[in-house]
Every structure is written in C-alpha cells, then in structure tokens.
Amino acid sequence: ALPPALLDVNGIEVIYHHVILVLKGVSLQVPEGSVVALLGGNGAGKTTTLRAVSNLLAGERGEVTKGRIELRGERIEKLSPAQLVQRGVVQVMEGRHCFAHLTIEDNLLTGAYARKDGKAAVAETLEKVYAYFPRLKTRRSSQAAYTSGGEQQMCAIGRALMANPKMVLLDEPSMGLAPQIVEEVFQIVQDLNRKERVTFLLAEQNTHIALRYADHGYILENGRVVMDGAAAELRENEDVQEFYLGMG
Ligand code: ATP
C-alpha cells in the first residue's frame, strides 16, 4: 500500500457563526515533500481550508463540523495552533502579517518561539533563512513597516521557516506583488521544497504561477473541489485554460 499522505483532509465541512456553511465536504491529500496548490476564485474557500488545517478557525467563529483531518495518520482537528507548530505545521497568513514595528530580524526570531533546541540551533536556522532570502539579510535591521511588500512576504515565509516546519501552509503568496517578485518568491518556495524537503500547501488565485510550481492542484468552487490533478495535466486542461488561465 502507499504510505499515508503527510496531510489527509477528508470530507470536511466548515460552518462560520453556526449558520454559514462554507466548505461542503472538501477532501485533499498532500504527499510528503510535495507542493500542492489550492486554486479557485475569490470566496471559493481556500483560506477556510488552510485555517481548518492549522486550526485557526475558532478566532473567526468557524468550526469543522464534519470530516477528518489527519497528519501522518494522526487526527489533528482538536490540536491547538501551537501543538500543530510542534508537529511541524505552520501557516503563513494572507496579507503577510509581519510585526510592523519590529525589525526584519526580530520578526524572524519570533518564529522560533516554540523551539526548545537552544539558541545555537535557532541562530543556525536564521543563517539558513538568510541564505534563501538574501534580501532579508540586507534588510535585517530595518523596521518591517519600511520594507517593500515583497520583503514583507519573504519575512512572513522566513518567520514560518524559523519554526523548522515540515509543512508550510501558504495563503496567497502572490497577493499584491509585482510579477517579478512573485516569481522570486515562488523560486524560493521551490528551492526550499527541493533542498530542505519542506512540503507546501498553498492557496492561490494566480492559477498560472501556482501550476508552474506545484506538483498537484485542487480547484475549489463554492466550497467544493470541482477538479484536481497533476499540475501539468491541469495546465493542459481546456476548462482550466478557459476559466482559470484566461485563455478562453
Ligand atoms: P479569498 O481569496 O478571497 O480569501 P478564499 O477562496 O480564500 O477567497 P475564503 O476566505 O475561505 O475564500 O471564504 C470562503 C467564504 O467564507 C466566503 O464566502 C467568505 O465570505 C466566507 N467567510 C470567510 N471568513 C468568514 C468569517 N469569519 N465569517 C463568516 N464568513 C466567512
């Protein structure tokens, strides 16, 4: 038999405010070491799916009311975000969320708060993050508020990496960034995936770029997966081209 996926989401329903049914039975698998893209338009349910996995729904008055979420076969729906970080699952939220008044370096260091392997190990990870994001090294002493949107997105990803994650949930990394910077961010994601074996589940409205970097894609519409497949197959699919790649 195949080994269980790193992440297995099975038939989840999510309801906000006790009444608003937003996910209507979403299933997806994220194999270890892969990059999986969650695609779909505004309001399709991408962010909600990521929040369900990282257990960030409660703050939004949402809850998983049906289905299962398993990490390496372990049910994780009841785990706190902190417990998930300890198991190597970290979310980078949409809109970046760097601490504006902190320097880039202090922002990065906040990502290591849950680690118990000592200062030297954290310093080593910091150098690794700087190796992947040379821009962040250059800007290490700048207050995040005074850095560019691209640098802030990199800072948010770098901060997640400071937790030494196995899996990063990345919400709309391309949002608000110039095409060249988007490309740079995705290149680094690919490098991290290939060299550090970090697994990525990323939500993207930019189908074009996501399918160039992902191994597999799921397309969400109105709280349901309407199509999924290898990224290369989805790129060739006529419906995907017509509705999501603007080639119709
Ligand atoms: P976007 O790219 O705009 O974030 P999305 O695909 O990530 O889109 P979600 O943010 O998951 O979509 O939203 C899915 C639906 O859930 C939308 O109709 C949205 O209005 C609704 N929704 C999201 N958060 C809440 C909330 N806290 N309370 C009520 N409804 C919500």
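The values are calculated or read from the model by the stated rules, or taken from the named source; none is laboratory data. This structure is a prediction, so every number in the text was calculated from the model and none was measured. Glycine also receives a Cβ, built like all others from the backbone with ideal geometry; neighbour counts cover every protein chain displayed. The accessibility values were calculated without ligands, DNA or RNA, using every heavy atom of the protein model including side chains. Shrake-Rupley method; radii C 1.70, N 1.55, O 1.52, S 1.80 Å.
Does at least one position in the stretch 34-42 carry a residue that is free of Cβ contacts under 8 Å to residues at least 60 places away in the same chain and either open to solvent by 30 Å² or more (accessible area, probe 1.4 Å) or over 30 Å from Ser141 (Cβ atoms) (or both)? Taking every residue of the stretch 34-42 in turn, none turns out to be free of Cβ contacts under 8 Å to residues at least 60 places away in the same chain and either open to solvent by 30 Å² or more (accessible area, probe 1.4 Å) or over 30 Å from Ser141 (Cβ atoms) (or both). Residue count for the stretch 1-26, restricted to those that are over 23 Å from Gly59 (Cβ atoms) and away from the ligand (no atom under 16 Å from the Cβ): 9. Screening Phe99 against (1) among the hydrophobic types (A, V, I, L, M, F, W, C); (2) open to solvent by 70 Å² or more (accessible area, probe 1.4 Å); (3) over 27 Å from Leu177 (Cβ atoms); (4) assigned to a loop (DSSP other than H, G, I, E, B) leaves a single unmet condition, (3). Listed by first and then second residue, the pairs linking a residue in the stretch 131-149 that is touching a residue at least 60 places away in the same chain (Cβ under 8 Å) and of a type outside the set (S, T, N, Q) to a residue that is open to solvent by less than 50 Å² (accessible area, probe 1.4 Å) and in a helix (DSSP H, G or I), with Cβ atoms under 8 Å apart and 6 or more places separating them unless they lie on different chains, are Tyr132/Gly158; Tyr132/Leu161; Tyr132/Ile188; Tyr132/Leu192. Residues in the stretch 29-75 that are of a type outside the set (A, V, I, L, M), part of a helix (DSSP H, G or I), within 11 Å of the ligand (Cβ to nearest atom) and within 26 Å of Leu192 (Cβ to Cβ): Lys46, Thr47, Thr48, Thr49, Arg51. Residues that are in contact (Cβ under 8 Å) with a residue 60 or more places away in the chain and open to solvent by less than 70 Å² (accessible area, probe 1.4 Å) within the stretch 61-80 comprise Ile69, Glu70, Leu71, Gly73, listed in sequence order.
Counting residues in the stretch 44-56 that are open to solvent by 30 Å² or more (accessible area, probe 1.4 Å), within 28 Å of Ile209 (Cβ to Cβ) and in contact (Cβ under 8 Å) with a residue 60 or more places away in the chain gives one or more. In the set Gly229, Gly176, only one residue is part of a strand (DSSP E or B) and either within 16 Å of the ligand (Cβ to nearest atom) or not aromatic (Phe, Trp, Tyr) (or both); that residue is Gly229.
Yes/no matrix, rows are residues, columns are (1) surrounded by fewer than 22 Cβ atoms within 10 Å (Cβ to Cβ); (2) among the hydroxyl-bearing types (Ser, Thr, Tyr); (3) out of contact with any helix residue (DSSP H, G or I) (no Cβ under 8 Å at 6 or more places or on another chain); (4) in a strand (DSSP E or B):
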residue	(1), (2), (3), (4)
Leu109	yes, no, no, no
Tyr113	yes, yes, yes, no
Asp117	yes, no, yes, no
Lys128	yes, no, no, no
Gly150	yes, no, no, no
Ile157	no, no, no, no
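In this structure, Arg235 does not satisfy being over 19 Å from Gly40 (Cβ atoms) and either open to solvent by 50 Å² or more (accessible area, probe 1.4 Å) or at pLDDT below 95 (or both). Residues that are in contact with a helix residue (DSSP H, G or I) (Cβ under 7 Å, 6 or more places away or on another chain) and in contact (Cβ under 8 Å) with a residue 60 or more places away in the chain within the stretch 15-31 comprise Val22, Leu23, Val26, listed in sequence order.
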